[in-house]
1. Measuring label to label, 7 Å along Cα→Cβ, what does B:LYS97 give against each other copy in nm, shortest first?
2. Run the label-point distances for B:PHE60 please: 7 Å along Cα to Cβ, every other copy, nanometres, shortest first.
3. Pull up all non-local amide H partners of A:ASN136: gap of 5 or more, or a different chain, and H-to-H distance under 5 Å with H placed in the peptide plane.
4. Can you list the residues, at least 5 places off or on another chain, whose amide H is less than 5 Å from the amide H of A:PHE60, using H built in the peptide plane?
5. Note the distances from A:SER138 to each other copy's matching label point, with points 7 Å along the Cα-to-beta-carbon direction, in nm, sorted shortest first.
6. When Cβ neighbours within 10 Å are restricted to other protein chains, what is their mean count per residue of peptide A:101-113?
7. Let me check against my output: what whole-number percent is the relative contact order of chain B, with C-alpha pairs under 8 Å and at least 6 apart?
8. Per-residue Cβ counts within 10 Å, from other chains only, averaged over B:172-178: what number is that?
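The values are calculated or read from the model by the stated rules, or taken from the named source; none is laboratory data. Bear in mind the structure is a predicted one, so any value in this text is a computation, not a measurement. Note that we place each Cβ from the backbone using ideal geometry, even for glycine, and neighbour counts take in every protein chain shown. Areas reflect the complete protein model, heavy atoms only, side chains present, ligands, DNA and RNA absent. Shrake-Rupley method; radii C 1.70, N 1.55, O 1.52, S 1.80 Å.
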2 protein chains.
Amino acid sequence: MKAGGAVEGGEVTKVPRGNRVFAIIDLILRIVAISGTLASAVAMGTTDETLPFFTQFIRFRAQYDDIPTFRVFVIVNATVCGYLVLSLAISTFHIVKSRAAKTRTVLIFLDSIMLAAVSAGASAAAAIVYLAHNGNASANWSAICQQFQNFCERTSGSLIGSFGAALIFILLIFLSAIALCRL
Amino acid sequence: MKAGGAVEGGEVTKVPRGNRVFAIIDLILRIVAISGTLASAVAMGTTDETLPFFTQFIRFRAQYDDIPTFRVFVIVNATVCGYLVLSLAISTFHIVKSRAAKTRTVLIFLDSIMLAAVSAGASAAAAIVYLAHNGNASANWSAICQQFQNFCERTSGSLIGSFGAALIFILLIFLSAIALCRL
């Protein structure tokens, strides 16, 4: 059987055709995740609000890197975005070579690390954004979103791309696992 | 070839022996993760500190559920712990039936969701614990750990089990992927 078949190690083996489709979906999802993480990193990394009023001693200004968690968020998203760009090569390789099993296994491993990183970064930032919106009476932390509305909107919005990327990573891992299962 | 072989669909196929070892490691790792998430949930869920001094109007008391993120942390860890207990059944099934591919694929999918959940919960709580320790001058959030030392130690310590579980999930996903790759 040569049509829809590939020669590997001198042996003619059947190529699961669906795996090529999975590899194409994988590639598309990675591109979507790249834009998500990039948008998150840029949106958070450019957040800077200076209030139009000030006293003699204080200028009211909120920047993303005033809060260490937001700095971590930007670093994590930039790193994951970089990883995703590099992983496009392996993803493309899987479209050409549908039977590749080892690279898929490695990809599942790396994807799961990135899934942990991106969901950690996003939810840590979400915890701080929640605090900025609602404050915490018990700990005497006041909400700062009344003053820094624009800052809060930007930081809240930037979470979307990151959480979206986490969802996509779950799908990517599942797709790779299905492809492995079908081999 | 009957020794080390299994009959599946009327066909005699070779069983990858390493896969049984992987399944046993998988089971052990799940039991470790169960104790980690359980310890995290219990340690955080029982955190309650009342300071030995009080005024006429205020009693200084810090409980884990004063901070919504900590409440989410407990719920997430309890849920993941419950999932891990249930997943022991599939893990044991894999020891008996080393060739099972579909259940491994499902397990990778569920494990990746739980990985996202547990790392999200742990890092959100870590962001708040960091804030409790260091405060944030820009947002005018003061550190509360000088007053509530015991509270801070307990909440910080409870993160360990949860982060450990996240690492174990990455290993579990990798192990399942290797087992699938070898089939």
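1. 3.2
2. When each copy's label point is compared with this one, the spacings are 3.0 nm.
3. Here the answer is A:TRP141, A:SER142, A:ALA143, since their amide H atoms fall under 5 Å of that of A:ASN136.
4. The answer is A:LEU51, A:THR55.
5. 2.7
6. Values: counts 6, 2, 1, 3, 8, 4, 1, 9, 7, 2, 3, 13, 5.
Across the residues of A:101-113, the mean count of other-chain Cβ atoms within 10 Å is 5.
7. Values: 232 pairs, mean separation 59.1, N = 183.
This gives 32 percent for chain B.
8. Details: counts 1, 9, 7, 1, 4, 13, 7.
That average works out to 6.
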